[in-house]
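Quick notes on the structure that follows.
Just so it is clear, none of the values below were taken in a lab; they were calculated from the coordinates. Note that the structure is predicted; figures quoted are calculated from it, not measured. Note that each Cβ is placed from the backbone with ideal geometry, even for glycine, and that neighbours are counted across all protein chains shown.
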Amino acid sequence: MKKLILISIVLTFGIALNAQSVFKKGSIMFNAGVGAPSNNGYIPTINFSGEVGVIPTGTIGIVSFGGLTEFHMADDGKNFPRFYVGGRAAWHLLALNTDIFDVYGGVGLGVIINGDGQFHSGVDVHPDLFVGGRYLISQGFGLFAEVGYTGLSFLKFGISFGL
């Protein structure tokens, strides 16, 4: 019985140490999805984002840089389009040591471009704060979900694909 337990432990650690991370230096990932608007909007928002892994932070993570663009139709008594365009940085947790899950959080800064609304128009600078995750269904393809705030949506979900 002791030998069986010892073999099980060795195999478990061997498999865990051999697991690849979803996101690593040089990884390029894209997301396309929909989101729940935060205010003045119709569901859904449409969003696209991309990122590249750049700075390893030891064995526990990697920093990525990328961007986000988002669109929705708003209504403040008059229908008008709103766009968010901005850069973002994220830290991906590699300590999970899995090749199907990617957990991350980050910050960004962008601009909201408002169409001609009754109370909203022009350009506003706005932060992007988020936490999210990816589940890879196959190599380079999966699903993502993010919770955060860009000024247009607080929840995003959709597909992810990598190069």
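When the range 22-162 is described by a simple charge dipole with +1 on each Lys and Arg Cβ and -1 on each Asp and Glu Cβ, the residue from Leu136, Tyr149, Thr98 located farthest towards its positive end is Thr98. Under the simplified labelling scheme, the Ala145-Leu109 pair shows an inter-label distance of 3.2 nm, with each label point 7 Å from Cα along Cα→Cβ. For the range 137-163, backbone nitrogen atoms closer than 11 Å to the point 7 Å from Ile28 Cα along Cα-to-C-beta are found at 162-163.
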